[in-house]
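For reference, the structure discussed in these notes is given below.
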Amino acid sequence: MSGAEPQLRALAPVLLVRDVLRAQAYFADKLGFTASRLWGDPPTFCIAGRDGLELMLNQVAANDSFRPNGDYDGRCDAYFWVRDADALHAEFKAKGADIVCEPDDQPYGMREILVRSPDGHLLIFGHDITGMA
């Protein structure tokens, strides 16, 4: 199908959370994401967005269990390619985000910071330092 418009346009990770209002507040207050709408009465789902990217926060039932990837061996739950990880680090730190790892250059050519959500999700924000991006 050469010449056809690409079908895939965006991706939104779904993070399972214990309390969607608490999670949404953290993403808004500490990481700068906004949620224009929450679904459910009481709310159990929202789509939080920042800079044209979105992620979904989906509340689990009180008796459901889940385990963020970071609980296993440090794997992340979402990776964000960003323009400047150092600038985001300064912003997140000033807002009191739970920063797991300060900006650090990785052997695969990325400079990254790691942030933990209230439910234990590890989020990585990184920019290319190889000059190829």
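The values are calculated or read from the model by the stated rules, or taken from the named source; none is laboratory data. The structure displayed is predicted, hence computed values, not measured ones. Reconstructed Cβ throughout: ideal geometry from the backbone, glycine too, with neighbour counts over all protein chains shown. Heavy atoms of the whole protein, side chains included, go into the accessibility calculation; ligands, DNA and RNA do not. Shrake-Rupley method; radii C 1.70, N 1.55, O 1.52, S 1.80 Å.
May I ask for the distance between the Cα centers of the range 78-133 and the range 26-45, given as a whole number of Å?
The range 78-133 and the range 26-45 have Cα centres separated by 21 Å.
How high is the FRET efficiency from ASP105 to LEU8, r the C-beta distance, R0 25 Å, rounded to 0.05?
0.25
Using DSSP to define loop residues, name the trypsin sites (Lys or Arg not before Pro) in the range 23-126 whose beta-carbon has at most 16 other beta-carbon atoms within 10 Å.
Values: sites: LYS30, ARG37, ARG50, ARG75, ARG83, LYS93, LYS95, ARG111, ARG116; in loops: LYS30, ARG37, ARG75, ARG83, LYS95.
In loop regions of the range 23-126 (DSSP not H, G, I, E or B), the sparsely surrounded trypsin sites (Lys or Arg not before Pro) are ARG37, ARG75, ARG83, LYS95.
Taking amide hydrogens as modeled 1.01 Å from N in the peptide plane, which residues meet the under 5 Å criterion relative to THR44, leaving out close sequence neighbours?
Excluding prolines and chain starts, which carry no amide H, the hits are TRP39.
Which one, [x] 2, 10, 18, 21, 19, 14, 8, 5, 3, 1; [y] 2, 9, 15, 14, 10, 8, 10, 10, 9, 5, 2, 2, 2, 1, 1, 0, 0; [z] 2, 12, 21, 24, 19, 11, 6, 3, 0, gives P(r) over Cα pairs in 5 Å bins from 0, in percent as derived from the coordinates shown?
Matching the structure shown: [x].
Hey, any idea what % of the chain's accessible area is carbon plus sulfur with a 1.4 Å probe? If you can, show how the numbers build up before the last one.
Values: 4230 of 8310 Å².
Whole-percent figure for carbon plus sulfur exposure: 51.
Treating only the Cβ of Lys, Arg, Asp and Glu as charged (+1, +1, -1, -1), what charge dipole size does the range 65-133 show about its Cα centre? Round to the nearest 20 debye. Walk me through the numbers on the way to the answer.
Numbers: 7 positive and 13 negative charges, 30 e Å.
That gives a dipole near 140 debye.
Could you provide, to the nearest whole Å², the per residue accessible area of the range 24-80 with probe 1.4 Å?
Values: 3360 Å² over 57 residues.
Per-residue value: 59 Å².
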